[in-house]
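Contents: one structure, followed by commentary.
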Amino acid sequence: MTAIIDYDAGNIKSVEKALLALSEEAVVTRDRDIILRADRVILPGVGAFGDAMEKLHNFGLVDVIKEVVENKTPFLGICLGLQLMFERSDESIGVEGLGLLRGEILRIPDAPGLKVPHIGWNSVYYPNRGRLFKGIPENSYVYFVHSYYLKAADENIVTAAAGYGVTLHASVEKDNIFACQFHPEKSSEVGLRILKNFISINRED
(Lines give C-alpha, C1' and ligand atoms only; values in the text may rest on other atoms or scores of the structure.)
Protein backbone atom coordinates (compact mmCIF):
# COMPACT_ATOMS: atom_id res chain seq x y z
CA MET A 1 0.00 0.00 0.00
CA THR A 2 1.19 3.50 -0.87
CA ALA A 3 0.32 6.44 1.37
CA ILE A 4 -0.08 9.81 -0.35
CA ILE A 5 0.47 12.59 2.19
CA ASP A 6 -2.48 14.97 2.35
CA TYR A 7 -1.50 18.49 3.39
CA ASP A 8 -4.07 20.43 1.32
CA ALA A 9 -1.71 20.85 -1.63
CA GLY A 10 -2.71 20.70 -5.28
CA ASN A 11 -2.38 17.67 -7.54
CA ILE A 12 -2.91 14.99 -4.92
CA LYS A 13 -5.91 13.41 -6.66
CA SER A 14 -4.10 13.00 -9.99
CA VAL A 15 -1.30 11.10 -8.24
CA GLU A 16 -3.87 8.83 -6.58
CA LYS A 17 -5.58 8.25 -9.95
CA ALA A 18 -2.27 7.30 -11.61
CA LEU A 19 -1.48 4.77 -8.86
CA LEU A 20 -4.94 3.24 -9.13
CA ALA A 21 -4.38 2.89 -12.89
CA LEU A 22 -1.35 0.76 -11.99
CA SER A 23 -3.54 -1.38 -9.69
CA GLU A 24 -1.68 -0.05 -6.67
CA GLU A 25 -3.63 0.40 -3.44
CA ALA A 26 -3.33 4.10 -2.58
CA VAL A 27 -4.56 6.01 0.47
CA VAL A 28 -4.63 9.81 0.69
CA THR A 29 -4.06 10.55 4.36
CA ARG A 30 -2.40 12.65 7.03
CA ASP A 31 -2.86 9.96 9.67
CA ARG A 32 0.51 9.21 11.28
CA ASP A 33 -0.12 5.52 11.88
CA ILE A 34 -1.33 4.85 8.33
CA ILE A 35 1.65 6.71 6.85
CA LEU A 36 4.14 4.80 9.02
CA ARG A 37 2.54 1.43 8.18
CA ALA A 38 2.61 2.08 4.43
CA ASP A 39 4.94 0.13 2.14
CA ARG A 40 5.93 3.41 0.48
CA VAL A 41 5.02 7.08 0.81
CA ILE A 42 4.55 9.91 -1.70
CA LEU A 43 4.70 13.65 -1.01
CA PRO A 44 3.08 15.32 -4.03
CA GLY A 45 2.24 18.97 -4.38
CA VAL A 46 1.64 22.10 -6.39
CA GLY A 47 1.79 25.45 -4.61
CA ALA A 48 4.09 27.78 -2.69
CA PHE A 49 7.07 26.54 -0.65
CA GLY A 50 6.37 28.63 2.46
CA ASP A 51 2.65 27.83 2.60
CA ALA A 52 3.38 24.14 2.15
CA MET A 53 5.94 24.02 4.97
CA GLU A 54 3.48 25.84 7.25
CA LYS A 55 0.81 23.24 6.50
CA LEU A 56 3.19 20.34 7.06
CA HIS A 57 4.04 21.80 10.46
CA ASN A 58 0.41 22.55 11.32
CA PHE A 59 -0.67 19.00 10.48
CA GLY A 60 2.24 17.51 12.46
CA LEU A 61 3.65 15.90 9.34
CA VAL A 62 7.26 17.09 9.46
CA ASP A 63 8.29 14.61 12.16
CA VAL A 64 6.22 11.87 10.49
CA ILE A 65 8.06 12.39 7.19
CA LYS A 66 11.43 12.27 8.94
CA GLU A 67 10.39 9.05 10.67
CA VAL A 68 9.39 7.54 7.31
CA VAL A 69 12.85 8.31 5.96
CA GLU A 70 14.59 6.97 9.08
CA ASN A 71 12.56 3.74 8.77
CA LYS A 72 14.01 3.27 5.26
CA THR A 73 10.54 3.34 3.71
CA PRO A 74 10.69 4.29 0.00
CA PHE A 75 9.72 7.98 -0.13
CA LEU A 76 8.96 9.94 -3.30
CA GLY A 77 8.54 13.70 -3.64
CA ILE A 78 6.81 15.12 -6.72
CA CYS A 79 7.18 18.73 -7.96
CA LEU A 80 6.72 20.88 -4.83
CA GLY A 81 7.31 17.67 -2.87
CA LEU A 82 10.83 17.54 -4.31
CA GLN A 83 11.50 21.16 -3.40
CA LEU A 84 10.32 20.69 0.19
CA MET A 85 12.87 17.91 0.72
CA PHE A 86 15.72 20.40 0.49
CA GLU A 87 17.01 23.17 2.74
CA ARG A 88 15.65 26.42 1.39
CA SER A 89 13.90 28.13 -1.53
CA ASP A 90 14.14 31.52 -3.20
CA GLU A 91 10.34 31.47 -3.22
CA SER A 92 10.09 31.79 0.57
CA ILE A 93 13.20 33.42 2.02
CA GLY A 94 13.80 32.48 5.65
CA VAL A 95 11.60 29.37 5.58
CA GLU A 96 13.42 26.12 6.31
CA GLY A 97 12.60 23.10 4.19
CA LEU A 98 12.57 19.53 5.45
CA GLY A 99 16.34 19.31 5.01
CA LEU A 100 16.27 15.64 4.05
CA LEU A 101 18.78 16.40 1.30
CA ARG A 102 21.29 19.20 0.83
CA GLY A 103 20.63 21.82 -1.81
CA GLU A 104 18.55 24.87 -2.61
CA ILE A 105 15.61 25.81 -4.78
CA LEU A 106 16.33 28.73 -7.13
CA ARG A 107 14.09 30.78 -9.41
CA ILE A 108 14.43 29.91 -13.09
CA PRO A 109 16.23 32.97 -14.53
CA ASP A 110 14.55 35.01 -17.23
CA ALA A 111 16.06 34.41 -20.65
CA PRO A 112 15.11 35.33 -24.22
CA GLY A 113 12.59 32.92 -25.66
CA LEU A 114 11.99 31.09 -22.38
CA LYS A 115 8.78 31.52 -20.43
CA VAL A 116 8.59 31.30 -16.65
CA PRO A 117 6.86 29.31 -15.30
CA HIS A 118 8.30 26.42 -17.28
CA ILE A 119 5.20 24.56 -18.47
CA GLY A 120 5.28 21.67 -20.87
CA TRP A 121 7.22 18.68 -22.13
CA ASN A 122 11.00 18.53 -21.79
CA SER A 123 13.44 15.71 -22.42
CA VAL A 124 15.63 14.47 -19.58
CA TYR A 125 19.07 12.89 -19.58
CA TYR A 126 20.68 10.75 -16.90
CA PRO A 127 23.82 12.04 -15.14
CA ASN A 128 23.50 9.00 -12.85
CA ARG A 129 20.79 6.57 -13.91
CA GLY A 130 18.53 5.81 -10.97
CA ARG A 131 16.04 3.09 -10.16
CA LEU A 132 13.06 5.25 -11.16
CA PHE A 133 14.26 5.24 -14.78
CA LYS A 134 14.75 1.50 -15.24
CA GLY A 135 13.62 0.58 -18.74
CA ILE A 136 13.11 4.23 -19.77
CA PRO A 137 15.31 5.48 -22.63
CA GLU A 138 17.44 8.56 -22.08
CA ASN A 139 16.00 11.75 -23.64
CA SER A 140 12.44 10.63 -22.93
CA TYR A 141 9.97 13.48 -22.45
CA VAL A 142 8.24 14.31 -19.17
CA TYR A 143 5.86 17.08 -18.16
CA PHE A 144 6.97 20.07 -16.06
CA VAL A 145 5.06 22.90 -14.34
CA HIS A 146 7.34 25.08 -12.18
CA SER A 147 9.02 28.45 -11.72
CA TYR A 148 11.74 27.26 -9.34
CA TYR A 149 14.33 24.55 -9.84
CA LEU A 150 16.62 22.39 -7.74
CA LYS A 151 20.35 22.88 -7.48
CA ALA A 152 21.48 19.89 -5.44
CA ALA A 153 24.63 20.27 -3.35
CA ASP A 154 25.72 16.73 -4.23
CA GLU A 155 25.43 16.10 -7.97
CA ASN A 156 25.96 12.38 -7.37
CA ILE A 157 22.32 12.12 -6.25
CA VAL A 158 21.00 13.66 -9.50
CA THR A 159 19.49 10.89 -11.61
CA ALA A 160 17.81 13.03 -14.29
CA ALA A 161 18.47 16.54 -15.56
CA ALA A 162 17.00 18.85 -18.17
CA GLY A 163 18.01 22.06 -19.89
CA TYR A 164 15.84 25.18 -19.69
CA GLY A 165 18.19 28.14 -19.82
CA VAL A 166 19.97 26.53 -16.88
CA THR A 167 20.52 22.90 -15.91
CA LEU A 168 17.51 21.68 -13.96
CA HIS A 169 18.13 18.85 -11.51
CA ALA A 170 14.95 17.04 -12.49
CA SER A 171 15.17 13.91 -10.34
CA VAL A 172 17.23 12.70 -7.40
CA GLU A 173 17.80 9.47 -5.51
CA LYS A 174 19.62 8.82 -2.25
CA ASP A 175 19.08 5.57 -0.34
CA ASN A 176 15.28 5.33 0.13
CA ILE A 177 14.62 8.96 -0.92
CA PHE A 178 13.44 9.71 -4.46
CA ALA A 179 12.08 12.88 -6.02
CA CYS A 180 10.98 14.30 -9.38
CA GLN A 181 10.58 17.98 -10.25
CA PHE A 182 8.37 16.96 -13.18
CA HIS A 183 4.97 15.29 -12.86
CA PRO A 184 5.17 11.55 -13.59
CA GLU A 185 1.40 11.31 -13.11
CA LYS A 186 0.97 13.69 -16.08
CA SER A 187 3.80 12.28 -18.22
CA SER A 188 1.86 9.63 -20.15
CA GLU A 189 3.37 6.15 -20.47
CA VAL A 190 6.85 7.29 -19.41
CA GLY A 191 5.44 8.74 -16.21
CA LEU A 192 3.43 5.64 -15.41
CA ARG A 193 6.56 3.54 -15.86
CA ILE A 194 8.41 5.81 -13.40
CA LEU A 195 5.62 5.35 -10.85
CA LYS A 196 5.56 1.61 -11.51
CA ASN A 197 9.32 1.49 -10.88
CA PHE A 198 8.82 3.34 -7.61
CA ILE A 199 6.08 1.04 -6.32
CA SER A 200 8.28 -1.97 -7.13
CA ILE A 201 10.95 -0.72 -4.67
CA ASN A 202 10.75 -2.45 -1.30
CA ARG A 203 11.57 -1.16 2.15
CA GLU A 204 15.24 -1.70 3.01
CA ASP A 205 15.95 -4.08 5.85
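The values are calculated or read from the model by the stated rules, or taken from the named source; none is laboratory data. Just so it is clear, the structure is predicted and the values come from calculations on it, not from any experiment. With ideal geometry, Cβ positions are generated from the backbone for all residues, glycine too; neighbour counts draw on all protein chains shown. Note: areas computed on protein heavy atoms with side chains; ligands, DNA, RNA excluded. Shrake-Rupley method; radii C 1.70, N 1.55, O 1.52, S 1.80 Å.
Taking the criterion of being open to solvent by 20 Å² or more (accessible area, probe 1.4 Å) and either touching a strand residue (DSSP E or B) at 6+ places or on another chain (Cβ under 7 Å) or closer than 21 Å to Ser187 by Cβ (or both), the residues of the range 26-49 that qualify are Val27, Val28, Arg30, Ile34, Asp39, Val46, Gly47. Residues in the range 151-176 that are touching a helix residue (DSSP H, G or I) at 6+ places or on another chain (Cβ under 6 Å) and of a type in the set (Val, Ile, Thr): Val172 only. Might you check whether a residue that is acidic (Asp, Glu), within 21 Å of Gly47 (Cα to Cα) and surrounded by fewer than 17 Cβ atoms within 10 Å (Cβ to Cβ) occurs anywhere in the range 109-132? Yes, the range 109-132 has at least one match. Summed over the range 79-101, the residues that are among the small types (Gly, Ala, Ser) and either under 25 Å from Ile119 (Cβ atoms) or in a helix (DSSP H, G or I) (or both) give a count of 4. Scanning the range 8-27 for residues that are in a helix (DSSP H, G or I) and within 19 Å of Cys79 (Cα to Cα) yields Ile12, Lys13, Ser14, Val15, Glu16, Lys17, Ala18, Leu19. If the condition is being open to solvent by 60 Å² or more (accessible area, probe 1.4 Å) and either at pLDDT below 95 or not small (Gly, Ala, Ser) (or both), then the range 91-103 contributes Glu91, Ile93, Glu96, Arg102. Among the residues of the range 154-173, those that are open to solvent by less than 50 Å² (accessible area, probe 1.4 Å) and more than 20 Å from Leu114 (Cα to Cα) comprise Ile157, Val158, Thr159, Ala160, Ser171, Val172, Glu173.
Results for (1) open to solvent by 70 Å² or more (accessible area, probe 1.4 Å); (2) more than 23 Å from Leu98 (Cβ to Cβ); (3) modelled with pLDDT of 95 or more, shown as yes or no for each residue.
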{"position": "Ser140", "(1), (2), (3)": "no, yes, yes"}
{"position": "Phe144", "(1), (2), (3)": "no, no, yes"}
{"position": "Tyr149", "(1), (2), (3)": "no, no, yes"}
{"position": "Ala152", "(1), (2), (3)": "no, no, yes"}
{"position": "Asp175", "(1), (2), (3)": "yes, no, yes"}
{"position": "Ala179", "(1), (2), (3)": "no, no, yes"}
{"position": "His183", "(1), (2), (3)": "no, no, yes"}
{"position": "Glu189", "(1), (2), (3)": "yes, yes, yes"}
{"position": "Leu195", "(1), (2), (3)": "no, no, yes"}
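Is it true that some residue in the range 174-189 is small (Gly, Ala, Ser), part of a helix (DSSP H, G or I) and in contact with an Asp or Glu (Cβ under 8 Å, 6 or more places away or on another chain)? No, the range 174-189 has no match at all. Set side by side, the residues Gly81, Gly94, Gly50 differ, and just one is under 18 Å from Lys13 (Cα atoms) and out of contact with any His (no Cβ under 8 Å at 6 or more places or on another chain), which is Gly81.
The residue that is surrounded by the most Cβ atoms within 10 Å (Cβ to Cβ), counting only those in the range 58-73 that are under 23 Å from Ile105 (Cα atoms) and out of contact with any helix residue (DSSP H, G or I) (no Cβ under 7 Å at 6 or more places or on another chain), is Ile65. Here Ala52 fulfils each of the conditions (1) of a type in the set (Gly, Ala, Ser); (2) assigned to a helix (DSSP H, G or I); (3) within 15 Å of Ala179 (Cα to Cα) apart from (3).
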